[in-house]
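Below is one structure, written out as structure tokens, with a few remarks after it.
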Amino acid sequence: MSTAAQLLTADDLWRLPDDGMGHELIRGELVTMPPSGSEHGAIGMTAGGRLFVHVQANALGAVFNADTGFIIARDPDTVRAADAAFVDKKRIPSAGLPKKFFPGAPDLAVEVVSPSDLLVDFQDKVEEWLAAGTRMVGVINPRNRTVTVYRSPTAVTILTANDELDGQEVVPGFRMRVSELFA
């Protein structure tokens, strides 16, 4: 008799009752995260807010908050959420945004490192985003006041407080001083 846990699907995750916690699905296994700390939330909101204003002003697509799930793999299902995310308007269905999880990876995923995050888990998440088709992942690290920008597992740029974030072709025209994230 098998004692293996039954794998969940994205639909199973969608139907979970609200328990006040954040949940992701990793290869069919439910992962629960406690609410973020205030520094984490403020930095994520600063990044997402600036991104939202730029995207809306230039009609580039949609910006999503940390509550939004993206289905980045099937069979078994993986549903991940970023602290902020962007999807290009060319990828938004003509019928509008789905009511449930977004089917696919965002073009940009922004992650904020929490004091409790383990480096190996964080690196796995970045690699999952990239493998699923995310074109740029920005990892904001409040401890050392840096942003690490991943275009691939090997195309990595570390920006310090003196540098400027650039959305390049992923979010055209978006620019922001790294220091503004930590003000």
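The values are calculated or read from the model by the stated rules, or taken from the named source; none is laboratory data. Remember, predicted model here, so these are calculated numbers, not experimental data. In this analysis, Cβ positions are derived from the backbone assuming ideal geometry, glycine residues included, and neighbour counts consider all displayed protein chains.
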(message) Tell me yes or no: at least one residue of segment 95-105 is in a loop (DSSP other than H, G, I, E, B), at pLDDT 95 or above and in contact with a Ser or Thr (Cβ under 7 Å, 6 or more places away or on another chain).
(response) yes
(message) If I go through segment 61-99 residue by residue, how many of them are farther than 16 Å from G138 by Cβ, hydrophobic (A, V, I, L, M, F, W, C) and in contact with a Lys or Arg (Cβ under 8 Å, 6 or more places away or on another chain)?
(response) 3
(request) Among what's in segment 114-131 and is closer than 16 Å to A155 by Cα and aliphatic (A, V, I, L, M), pick the residue that is nearest to the chain's Cα centre (by Cα). (result) V126
(request) For T157, indicate whether it is of a type in the set (S, T, N, Q), surrounded by 17 or more Cβ atoms within 10 Å (Cβ to Cβ) and modelled with pLDDT of 95 or more. (result) no
(request) Would you please name the residue that is nearest to D19 (Cα to Cα), looking only at residues in segment 64-85 that are acidic (D, E) and at pLDDT 95 or above? (result) D83
(message) Give me the residue from segment 75-89 that is part of a loop (DSSP other than H, G, I, E, B) and touching a residue at least 60 places away in the same chain (Cβ under 8 Å) and, out of that set, surrounded by the fewest Cβ atoms within 10 Å (Cβ to Cβ).
(response) P76
(message) Would you confirm, using the coordinates I've provided, whether G61 is surrounded by 15 or more Cβ atoms within 10 Å (Cβ to Cβ), at positive phi and modelled with pLDDT of 95 or more?
(response) yes
(message) Any residue in segment 31-48 that is over 24 Å from L16 (Cβ atoms) sitting within a Cβ distance under 9 Å of a residue that is in a helix (DSSP H, G or I)? List the pairs, counting only those 6 or more apart or interchain.
(response) I43/L181; I43/F182; T46/E180; T46/L181; T46/F182; A47/L181
(message) Of all residues being among the hydroxyl-bearing types (S, T, Y) and part of a loop (DSSP other than H, G, I, E, B) in segment 111-153, which is nearest to G44 (Cα to Cα)? Just the residue, please.
(response) S114
(message) Out of the residues in segment 91-105 meeting the condition of being loosely packed, with under 10 Cβ neighbours inside 10 Å and on the phi < 0 side of the Ramachandran plot, tell me which one is nearest to the chain's Cα centre (by Cα).
(response) K99
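How many residues, within segment 34-52, are outside any helix (DSSP H, G or I), in contact with a Ser or Thr (Cβ under 9 Å, 6 or more places away or on another chain) and exposed (fewer than 15 other Cβ atoms within 10 Å of the Cβ)? Full working, then the answer.
Filtering segment 34-52 down to residues outside any helix (DSSP H, G or I) leaves 34-37.
Add one more test, that the residue is in contact with a Ser or Thr (Cβ under 9 Å, 6 or more places away or on another chain), and what stays is 34, 36-37.
Pick out the ones that are also exposed (fewer than 15 other Cβ atoms within 10 Å of the Cβ) and you get 34, 37.
The qualifying residues number 2.
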(request) Have a look at G138, G173, G167 and point out the one that is closer than 22 Å to D88 by Cα, over 14 Å from the mean Cα position of the chain (by Cα), touching a residue at least 24 places away in the same chain (Cβ under 8 Å) and buried (at least 20 other Cβ atoms within 10 Å of the Cβ). (result) G167
(request) Take segment 110-153 and flag every residue that is among the acidic types (D, E) and at pLDDT below 95. (result) D117, D121, D124
(message) Which condition from (1) surrounded by fewer than 16 Cβ atoms within 10 Å (Cβ to Cβ); (2) in a helix (DSSP H, G or I) is the one that V55 breaks?
(response) (1)
(message) With the structure loaded, tell me whether L25 is in a strand (DSSP E or B), surrounded by 15 or more Cβ atoms within 10 Å (Cβ to Cβ) and over 15 Å from the mean Cα position of the chain (by Cα) or whether it fails that test.
(response) no
